[in-house]
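Below: the structure, in structure tokens.
The values are calculated or read from the model by the stated rules, or taken from the named source; none is laboratory data. Predicted model, so just to flag it, every value in this text is computed and none were measured. When we count neighbours, we look across all protein chains shown, and the Cβ atoms used for this are built from the backbone with ideal geometry, even at glycine.
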Amino acid sequence: MTEDGMTDAAKAERSAPDIRDVILEKALPHVAFDGWTVTSLAAGARDAGLDAARAELAFPGGEIEAIRHFSDWLDRRMLDALAKRDLKAIKIRERIAAGVTARLDLALPHREAVRRSLAVLALPHNAPVALSLLYRTVDAIWHAAGDTSTDFNFYTKRGLLAGVLSATTLYWLNDASEDRQDTSRFLDRRIEDVMRVPQAFGRLRKLVESFPTPFGVFRRPS
């Protein structure tokens, strides 16, 4: 029974998205042992007070669909956490760090599920899904940070953050330090590295624009 007087099963019956969330949340402890399998999802459905067959109906695409939903579930919770903070009061690099940290903190109780997700997504035939999920996460972080760019910087920022998030997640998976302080320091170093890249691009652009023709063809239109 939840605080609003509804059982998990009753809440799950309200709508399809709720069913998927409820089954996922209950399945995550099983994923740590059985992986992203029908067994784990069915166990999650049973733990939520649902018929095991509801898991297959909720995730007809099997493990890859469940992993997609897991990533989306983390993204939504990350955005909820960031919405409670006054991000405008801190520097852009701190906003990005806050986004990455929030997502990893929310994933901490399910670190083994994250590890198993990455193992599945690392398979060659799942590369398009892996890239899509990574893009959605970094795009969500940049939007939460207040990014409104629409030019080439839009893609540069997301590409750089994708590298930061990927590297930091892999480091975090094996971080045994107290309160994951090593991961925080690792993240700070990675952000420091990528913050230099746009500055380098800016200097290169100014250099190219100062060249006489034929280099002038590379100048941005006024």
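Across the stretch 147-158, what is the total count of residues that are assigned to a helix (DSSP H, G or I) and surrounded by 12 or more Cβ atoms within 10 Å (Cβ to Cβ)?
5
From the list ALA144, ALA98, ALA140, ALA130, which one is closer than 22 Å to ASP182 by Cα and surrounded by 15 or more Cβ atoms within 10 Å (Cβ to Cβ)?
Checking each option against the conditions leaves just ALA98.
Assuming ARG85 fulfils every condition listed in (1) in the same structural domain as LEU165 (by TED's automatic domain parsing); (2) in contact with a Lys or Arg (Cβ under 6 Å, 6 or more places away or on another chain) apart from one, which condition is it?
Evaluating ARG85 over (1) in the same structural domain as LEU165 (by TED's automatic domain parsing); (2) in contact with a Lys or Arg (Cβ under 6 Å, 6 or more places away or on another chain) leaves (2) as the failure.
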